1. Please pick out the residue among 173, 177 that is at pLDDT 95 or above and either outside any helix (DSSP H, G or I) or closer than 15 Å to residue 243 by Cβ (or both).
2. Would you check which residues across region 151-182 are of a type outside the set (A, V, I, L, M, F, W, C) and surrounded by 18 or more Cβ atoms within 10 Å (Cβ to Cβ) and list them?
3. Are there any pairs with C-beta distances below 7 angstrom linking a residue in region 97-108 that is under 16 Å from residue 53 (Cα atoms) and surrounded by 10 or more Cβ atoms within 10 Å (Cβ to Cβ) to a residue that is hydroxyl-bearing (Ser, Thr, Tyr) and at pLDDT 95 or above, with the two at least 6 apart or on different chains, and if so which?
4. List the number of the failed condition for residue 207; all other conditions in (1) touching an Asp or Glu at 6+ places or on another chain (Cβ under 8 Å); (2) at pLDDT below 95; (3) hydroxyl-bearing (Ser, Thr, Tyr) hold.
5. Just checking, does region 156-167 include any residue being among the polar types (S, T, N, Q) and either in contact with a helix residue (DSSP H, G or I) (Cβ under 9 Å, 6 or more places away or on another chain) or closer than 25 Å to residue 57 by Cα (or both)?
6. What pairs come out if I take residues in region 190-219 that are at positive phi and pair them with residues that are not small (Gly, Ala, Ser) whose C-beta lies under 7 Å away, six or more apart or interchain?
7. Residues that are within 17 Å of residue 73 (Cβ to Cβ), at least 3 per element: which helices (runs of 4 or more DSSP H) completely within region 182-282 meet that?
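The values are calculated or read from the model by the stated rules, or taken from the named source; none is laboratory data. Owing to the predicted nature of the structure, the values given are computational and were not obtained by experimental measurement. Quick reminder, even Gly has a Cβ in these numbers, built from the backbone with ideal geometry, and neighbours come from all protein chains shown.
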Amino acid sequence: MDTQIMNIVDQPQTLEMSNIPAETVGDVHVERPRMTARNVNVFYGDKCAIDDVTLDIAEKQVISFIGPSGCGKSTFLRCLNRMNDTIDICRIEGTIALDGQDIYAPQVDVVPLRARVGMVFQKPNPFPKSIYDNVAYGPRIHGLASSRTELNDIVENSLVRAGLWDEVKDRLTQPGTGLSGGQQQRLCIARTIAVSPEVILMDEPCSALDPIATARIEELIHELSAEFTIVIVTHSMQQAARVSQRTAYFHLGKLVEVGETEQIFTKPQHEMTHNYITGRFG
């Protein structure tokens, strides 16, 4: 990401302000959307957690969701592959589509959907299996390999793309839980990409990692964005500036502003975005 943006994130008092519109500002639409959300509302019982969000997610691009704790960014992220289905009191209104198909349509099977829209969680969560079996699990249950040789190739290729192969190639039979935190998170990324998803969702994937492991994951995000559409929730504005081409700012369940990352951090159009970026709240 441009050094100018990083300087501005570190010294937010240099930001400029534009006119303040009353509603969501910025370009919610993109030229080649891989996913689209239209008038999405999310309720936990009677409580509204997401309020009328409309947003496009571009193909082979990284978009960051930022905002204060409890603003709805992770809730909205989990809508994108129906992870909220696991919460009984959660109700979702509006339309979310992948390649133009409504993912909440009655006929949609969530198992193949979550293969197409994979997820990497805040805390590394390798299965209590070997490194090999962690990566091979998805291809096995989805029938993506017709032979052991083909499965071996998928495992190796996934670990290579996750930047982990050289570190684990001689201990594939050892438990994935024995790796360091950063290595476990890259193993989870390898497990996700082993089923060839179209979109990867990342919910604060570096929050439990040290700076060196964080830098490696951010480098990996940049590399993977050439192949995958990536949506990342992050509490770090510096991280959003480093990894994403577009940034969306959420506040109290609403999408306040979305646009090119450079514009969000250098010249936000909404007062609430400006106040968050400058550290006045959040």
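1. 173
2. 158, 161, 163, 176, 182
3. So the pair list comes out as 97/36; 102/95.
4. (1)
5. For region 156-167, residues among the polar types (S, T, N, Q) and either in contact with a helix residue (DSSP H, G or I) (Cβ under 9 Å, 6 or more places away or on another chain) or closer than 25 Å to residue 57 by Cα (or both): present.
6. 204/122; 204/233; 204/234; 204/235
7. In region 182-282, the matching helices (runs of 4 or more DSSP H) lie at 237-243, 261-266, 271-277.
Residues checked against (1) more than 30 Å from residue 265 (Cα to Cα); (2) out of contact with any Gly (no Cβ under 6 Å at 6 or more places or on another chain); (3) not β-branched (Val, Ile, Thr):
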position: 24; (1), (2), (3): no, yes, no
position: 39; (1), (2), (3): no, no, yes
position: 79; (1), (2), (3): no, yes, yes
position: 90; (1), (2), (3): yes, yes, yes
position: 94; (1), (2), (3): no, yes, yes
position: 98; (1), (2), (3): no, yes, yes
position: 128; (1), (2), (3): yes, yes, yes
